[in-house]
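The values are calculated or read from the model by the stated rules, or taken from the named source; none is laboratory data. Computed from a predicted model, the values in this text were never measured in an experiment. Note: ideal-geometry Cβ built from the backbone for every residue, glycine included; neighbour counts use all protein chains shown.
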Amino acid sequence: MRERVKAYVSQPWVERTILILIVINAITLGLETSDTVMASWGGFLLALDKIILAIFVVEVGARMFAHGRNFWRDPWSIFDFLVIGIALIPATGNLAVLRSLRIMRALRLISAVPSMRRVVSGLLKAIPGMGSVTMLLLLMLYVAAVMSTSMYGDDFPEYFGTLGASSFTLFQIMTLENWPDIARSVIAKYPTAWIFFVVYILLTSFAVLNLFIGIIVDAMQSEQPSPAELAHDVAGQTEDELDAIAAQIGSLRTEMAEIKNMLEKSKT
């Protein structure tokens with residue numbers, strides 16, 4: 001029974017149907033935020049939401065039954081279980097805020113689409129390296145905040161009056177948001193301040209931040225299947241196709257032999 005259920009839930013049309021329902025559910029949850037739409041279609045949208053949720057519960061339950069203990073060894077299966085479990089929590093009283101978490105069902109697209117799973121897996125693998133770069137970036141931000149507060153805090157308290165204000169201003173400059181206006185206002189009072197801003201931007205925006213991109217790209221590449229794996233998959237598919245063709249030829253031969261025997265008997 002487990003094998004039958006496993007084969008059923010693994011069929012391509014079932015996976016495509018679940019994927020379509022996830023998209024439809026995400027759209028309906030977005031429409032429920034509109035008072036105008038809810039006034040006209042509220043009953044239909046709520047009923048559709050319950051029907052889709054029931055299908056998701058049945059699908060996850062079938063997978064739990066089919067895979068048994070292996071279901072809990074797959075992180076993506078656990079993710080699906082948690083997303084659906086949150087949707088089943090009664091959103092009444094003090095738990096009314098949990099209604100907003102229903103949109104998390106849209107995140108099942110990540111587990112339903114293999115390419116998105118690879119992207120998330122790559123990001124998770126990049127976290128250790130990103131942590132080191134983040135520490136380096138925070139250290140540089142702290143040093144620059146102390147320097148700018150000491151040098152420009154008295155004349156520009158709105159930007160560099162305190163360590164917190166300097167940190168926020170420098171973070172804004174690091175993102176290259178409105179930094180020329182801040183820099184020009186300081187340079188008008190301190191002509192050599194351009195050196196500080198240029199060096200800071202070069203070290204943070206153009207150097208350290210690009211390290212994030214490099215780490216993420218490297219992690220993404222590690223998630224891509226190797227040429228050997230691709231060749232093995234293609235070879236496996238080819239062998240399966242040849243086996244299917246051979247089975248069909250064998251069945252045709254059997255049928256032809258039976259027809260031949262029937263013709264010989266009819267002649268006698």
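If you take the residues of the stretch 129-167 that are free of Cβ contacts under 8 Å to residues at least 12 places away in the same chain and either acidic (Asp, Glu) or touching a helix residue (DSSP H, G or I) at 6+ places or on another chain (Cβ under 6 Å) (or both), which of them is nearest to Asp218 (Cα to Cα)?
Here the residue is Glu158.
Mind listing whichever residues of the stretch 80-102 are surrounded by 14 or more Cβ atoms within 10 Å (Cβ to Cβ) and modelled with pLDDT of 75 or more?
Hits for the stretch 80-102 are Asp80, Phe81, Val83, Ile84, Ile86, Ala87.
Scan the stretch 185-194 residue by residue and report those that are of a type outside the set (S, T, N, Q), surrounded by fewer than 17 Cβ atoms within 10 Å (Cβ to Cβ) and in contact with a helix residue (DSSP H, G or I) (Cβ under 9 Å, 6 or more places away or on another chain).
Correct list: Ile187, Lys189, Tyr190, Trp194.
Which of the residues belonging to the stretch 103-135 are under 30 Å from Ser166 (Cβ atoms) and surrounded by 15 or more Cβ atoms within 10 Å (Cβ to Cβ)?
Ala126, Gly129, Met130, Val133, listed by residue number.
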